[in-house]
Every structure is written in C-alpha cells, then in structure tokens.
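The values are calculated or read from the model by the stated rules, or taken from the named source; none is laboratory data. Given the structure is predicted, the values throughout are model-derived calculations rather than measurements. Cβ coordinates were reconstructed from backbone atoms using ideal geometry, including for glycine residues, and neighbour counts include every protein chain displayed. We work out accessible area using only protein heavy atoms, side chains counted, and drop any ligands, DNA or RNA first. Shrake-Rupley method; radii C 1.70, N 1.55, O 1.52, S 1.80 Å.
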Amino acid sequence: MLTQFTLAEIVDKLAKKEISAREVTEAALARIDAVEDTVKAFVTQTREAALAKAAQIDAKRFNGEEVGPLAGVPMALKDNICTKGIRTTCSSKMLHNFIPPYDATVAELLENAGSILLGKTNLDEFAMGSSTENSAFFTTCNPWDLESVPGGSSGGSAAAVAAEEVFFALGSDTAGSVRQPAAFCGVVGLKPTYGRVSRYGLIPFASSLDQIGSFTKDVRDCALVMNVIAKYDPRDSTSANLAAPDYTTFLDGNVKGLKIGIPKEYFVEGINADVKANVHKAIAVLESLGAVAEEISLPHSEFGIPAYYIIAPAEASSNLARFDGVQYGFQAEADNLQELYEKTRSAGFGPEVKRRIILGTYVLSSDNYDAYFVKALKVRTLIKEDFDKAFAKYDVILTPTTLGLPFKQGAVRDLVSMYLNDICTVPTNMAGLPAISVPCGYVDGLPVGMQLIGKPFAEGTILRVAHAYEQNSGLPKKKPTLTAKGGAVHEKI
Ligand code: GLN
C-alpha cells in the first residue's frame, strides 16, 4: 500500500516518476474509505478537488514544468485553518456553514508547493480542549485504541496521520494542541517558535499563544513540511521577518557535546511511571550518542496552567466577540438585535467555549483586570525568564510531552484533570519557544511522547536532536491496530 510510506519516500517516488500523483491520491482516498468510519478524523473531505489537483500535477510533471517540493502529496488541515471555498467550521455549530473567501497563508504555501488537500480535520470546538470530545460534531478515535481519545485539540489531524489517511497534516497549538495529540497518536508534532509560521487565516483562539504546527510520521518529514510553511508573511503582523534555513540540513545525527537540560519540575508526582521510564530511556539513548544531560530547574513552570487559564480565556473572549450572528456563520431566529446576539451565541457555542468566554470577560473586567489578568502576565514573564536562564547554559530542554497515556473517551470528566493534559507543553507557548514531540516508547500498546524544547528560532536544533534520537532509539516500528482494546465505549461528554 502506498499509504504506508513516509512523506519523504513518496516525494522521492513521485520525483522519479515511479508513481503518479493520481495513484497516490487514489491510494489515500481508498485508505480513507477503509478506515474513516472507525477513526472519524475528517469534518469535511475534498475528494473531487483532490483528484483534479492530482491530474494537474501529473500533467505538469509530464510536460517538464516546475511542480513544487511537495507535489502530489496528500495532506489535511485542521478545520480552524481557512481554505478558500471550502467549509471551515472550527468544529462549532457557530461556523457549521462558514465558507471562507480566502486561504490561510499556510494553505496557500502548501497549495503552491503542490500538496493535495484531502480535507479538513476535527478539533475541539475553537481549539479548546485536549481530547476532541468538545467538537460539536463527533469525537475522533485514537487509531491505537479506538475507545481512547486521540488528544486535542488537533486530534483529527494527529489521527489522520497515525491512521495513514494522509502523509502529513497541520494543526494549531495554543498550549499543547499539536504536541499532546502527536504524543497520544504516536506521530511527530512540532510547534514552531511564535512568529515562525504565519497565523494569517488561522481562526484565532488566544492570539499571543496560537501557533500553527505540523504532524508527520517522522522527523525528516517534519523538516520537509517546515521548509514550505516557515516563511515571513507581511499579512501577519507577528510574523518574523527572518529567512528560514533548509531544515533537512540539520538532520546529521550529530549530538556530540550537546547540552540537554532535564527540568525536575516536569517529572513530578502524577506522572505515569511507565511514561517516566520511557523518557529516561530516551535520555540514555541521547547520552550514548555523546549528548550531556543534566538536571535543571524551571521553578515557575508549575504556574503555567493557572496563568494560561486566565490569559487564554481573556484573549478568547475578545477574539470570539466577532461571532454575533451578523457577520459569520450561524444565525438564530430573533425579533430584535439584542435577542439575535443572545440567541445566536447561546445556541452557536458549546459549553466549554461559553465557559472560557465568561471567564475571560470576568478577568478583563475593570474590577478584576489587575488582580487576575495583569498578574497572569507577570507570571508569564517569570516562566519565560526561567527558560532564558536555562538556555544560557543548555542547547535543548527535554521533558515528557504528557504525564499520562491516552485516556478512554468519556473517562476524564473533571475540568482540572482535563486542563492538566497541557502541564508539560503550556510553558513553551507562554515563552513563544519551539518544541517538538517525538514518539519514545509504548506502554500497553499505547504510544508515549517526549518533548524537546529549543531556543527561539532554533527549530533546526530540536529537529537535529529528535532525528538523532529517532534513528538510534531502537524502538520497534509499530503501526496502530485500528481496533478497540476492551472496556465500555463511553458516550460523548
Ligand atoms: N488543551 C488546551 C485548551 O483547552 C490547549 C488548546 C490548544 O493548544 N489549542 O485550551
């Protein structure tokens, strides 16, 4: 089956004309036909447009025209990334019928690189959640255990790559929404430095934390995707006007003398003993390759989650004010304007989104602004300063991606436990740093991820370390079984 190859392998076969874009696209669509009913990664599929684009690419290649670095490679985009003429829902009733009149910059870059969009993937509504259970439509299943969640909020993208429905996918990461689902689905997930990849056309959740990132089968594929999407964009005022390197040049396996900081606060009580053991084994692999690992302290990281649940809802309450039933998407029946706003927002948003809007409005109100919002911003600065100090001495920081394994659908019902899914990932969003999750073991047939955090714009360094580890990890090459693993299937929350 063609779908079992990596992105790099497929690009190579296409370039050598061993296969056509049409064959790859048909293979991916056949795979979707075979598994999508069980995985449920896609909100919308774009099959006809995909086949038309594949034919175009083949014709161009046949005529010897320039086709772009990812020409003919099937992929998917999280459904909060705007696609011109293609429904973009944020997995919300509010946008169930929203068809953007423009492409996000990343969609445009991938289009120009020749990749083929197969569809838009499921997410927690407006990217708020850690399991895709907050999608207004359905919950995506974890391909390693169909009764478990794929993580979130970019669970659809992670599951689509893990189930080999596409060769790569994009997601967005505000506190861990690329890395946590990557860890849960056994794939590679990168959140680049804030500003490295344009956010133009990403429907915003918390703008100072949001960053678009990628899901791939391995680290080389991640570098290939970054080579296309890491680009200055004048349409995003926070985009960095900085040339991006060829990320594949970092994949040389050399980590000799590289200094790795292991923050003790990330191996705390509550961590699954097997997760911890697998991450420690990964550290030993890197040490055997000549890297030097030392324990460090990032004392303010523990305040990451509380500060996030002030800053992110505050920004969300402002960003989501635009959904009023007038400009976009869903509109409730109403007799006057006030009623229109109220009914639209009350029926259009799900419970988690409403909770965040209420919380955000509260912390931004004049009575509470200093006590909560300003204080959270100060905590954010302290978290960033911890990283600055650590990076004066260390090249990368290594942690688990999550403290636990993928959990059963419906099993996590209290909010704080759900929010704690991002405990290891949220500090890097606070500090704007790049971080990658790489598979580092299996426990009871479920994947475990480790996280490598880098200095600002040092994606190359974390890719180098991730690649050196991946090539020497000794992990068995496992693929998900696409079966359930016993126990009751829970209803959607
Ligand atoms: N789980 C976090 C939340 O619910 C993170 C979401 C994200 O990174 N988009 O807000």
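Figures for the structure shown
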{"read-out": "Cα Rg, Dmax (largest Cα-Cα span) when computed across segment 33-160, Å", "value": "15.3, 48"}
{"read-out": "Cross-link reach list, aspartates and glutamates versus LYS408, counting only Cα pairs under 14 Å and skipping chain neighbours closer than eight places", "value": "GLU133, ASP145, GLU147, ASP444, GLU491"}
{"read-out": "Diffusion coefficient, µm² s⁻¹, Stokes-Einstein with Kirkwood Rh over alpha-carbon pairs of segment 129-264 at 25 °C and 0.890 mPa s", "value": "156 µm²/s"}
{"read-out": "Percent antiparallel among DSSP beta bridges (both partners in the chain, rounded to 5)", "value": "70 percent"}
{"read-out": "Along each principal axis, Cα extent of segment 100-194, largest first, Å", "value": "37, 28, 25"}
{"read-out": "Estimated 222 nm signal from helices in the chain, with DSSP H stretches of n ≥ 4 weighted -39500 (n - 2.57), rounded to 500", "value": "-11500 deg cm²/dmol"}
{"read-out": "Lys, Arg +1 and Asp, Glu -1 on Cβ, resulting dipole of segment 1-52 about Cα centre, debye, nearest 20", "value": "120 debye"}
{"read-out": "Portion, in percent, of the accessible area of segment 382-473 that falls on carbon or sulfur, probe 1.4 Å", "value": "54 percent"}
{"read-out": "25 °C / 0.890 mPa s Stokes-Einstein diffusion coefficient of the chain, Kirkwood radius on C-alpha pairs, µm²/s", "value": "110 µm²/s"}
{"read-out": "Mean separation of Cα contacts under 8 Å, 6 or more apart, over the residue count of segment 82-238: relative contact order %", "value": "19 percent"}
{"read-out": "Heavy-atom accessible area per residue - segment 340-493, 1.4 Å, Å²", "value": "45 Å²"}
{"read-out": "At most 16 other Cβ within 10 Å, DSSP loop - trypsin sites (Lys or Arg not before Pro), segment 13-82", "value": "LYS16, LYS17"}
{"read-out": "Radius, Kirkwood style, for segment 360-493 when every pair of distinct Cα atoms is counted (Å)", "value": "17.8 Å"}
{"read-out": "Relative contact order (percent, whole number), the chain, Cα cutoff 8 Å, 6+ residue spacing", "value": "18 percent"}
{"read-out": "Fraction in percent of alpha-carbon pairs per bin - 5 Å, segment 264-396", "value": "2, 9, 12, 13, 12, 11, 10, 9, 8, 6, 4, 2, 1, 0, 0"}
